[in-house]
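Okay, structure first, notes after.
The values are calculated or read from the model by the stated rules, or taken from the named source; none is laboratory data. Computed from a predicted model, the values in this text were never measured in an experiment. For neighbour counting, all protein chains shown are included, and Cβ atoms are generated from backbone atoms with ideal geometry for every residue, glycine included.
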Amino acid sequence: MGQMAEKISKVDHEELLKILNTAFAEEWLAYYQYWIGAQVAKGPMRSTIVAEFLKHANEELSHAQLLSDRIIQLGGTPVIDPADWQKHALCKYEAPADEFIVAILEQNLDAERCAISRYQQICEMTGGKDFETFHMSRHILQDELEHEQDIEDFMEDIKTAMEHACKCGK
C-alpha cells in the first residue's frame, strides 16, 4: 500500500482485505449464477429476462474487477483460485436446479439481497475512514439495489400476467 494511502486510512487493513475478498468471491459466483441462469431459463418473458441476466452478469464481473483493483491497491491479493470462491463467500452460489424462470429469479433475488448487505457492511466500515473503498462500495451497492428492483419488477410482471391469464380463461 502506498505511504499516503496507509497514512490516511483509518480502517483495520486485515479486516478490510478479508471482507473485500469475500465480496470478490461473491461477485464471481454471482456472475456465474446470472450467466448459467441465462443459459437454462425457461418460461414466461424468457427473452427479456435472459437479456437482463446477461447484463447483470457483466455488471457483477465489473464489480469483481473493481474489488480486485482495490484489494491490490491496499496491498492484498484477490482470491486467486476459483475453487476457493465458495470457501470465502458468505453469499452462496445456488445452482438453478429448477429451470423455471421464476425459480431462477427467486434465487437471484436472494443473492442480490445478500450482496446488498455485504456492500452496506463495507460502506459502514469505510465511511469517513477510507474514502476510496467507500465510494467503490457505494457504487456497487447502488448497482445491487437496482438489480434487486429489476428482479422484483420481473416477478411482479409475471405474477400479474399469470393472474390476468387465469381471469381470461374463466
Practice task
State whether the residues of the stretch 82-102 include one that is of a type in the set (A, V, I, L, M), out of contact with any Pro (no Cβ under 9 Å at 6 or more places or on another chain), under 15 Å from residue 19 (Cβ atoms) and buried (at least 19 other Cβ atoms within 10 Å of the Cβ).
Solution key: yes
Practice task
May I ask you to list the residues in the stretch 81-116 that are of a type in the set (D, E, K, R) and modelled with pLDDT of 95 or more?
Solution key: 81, 84, 87, 98, 99, 106, 110, 112, 113
Handout entry: residue 116 within 23 Å of residue 18 (Cβ to Cβ) and in a helix (DSSP H, G or I)
Key = yes
Exercise for the section: Name, by its number, the condition in (1) modelled with pLDDT of 95 or more; (2) in a helix (DSSP H, G or I); (3) surrounded by fewer than 20 Cβ atoms within 10 Å (Cβ to Cβ); (4) not small (Gly, Ala, Ser) that does not hold for residue 78. Expected result: (2)
Practice task
Could you tell me whether the stretch 49-61 includes any residue that is β-branched (Val, Ile, Thr) and under 16 Å from residue 151 (Cβ atoms)?
Solution key: yes
Practice task
All but one of (1) in contact (Cβ under 8 Å) with a residue 40 or more places away in the chain; (2) outside any loop (DSSP other than H, G, I, E, B); (3) out of contact with any Asp or Glu (no Cβ under 6 Å at 6 or more places or on another chain) hold for residue 44, so report the exception by its number.
Solution key: (2)
Problem - Hits in the stretch 93-112 - residues which are within 12 Å of the chain's Cα centre (by Cα), farther than 14 Å from residue 143 by Cβ and of a type in the set (D, E, K, R) - result: 110
Handout entry: Qualifying positions in the stretch 82-112 - within 25 Å of residue 24 (Cβ to Cβ) and assigned to a loop (DSSP other than H, G, I, E, B)
Key = 89, 90, 91, 92, 93, 94, 95, 96
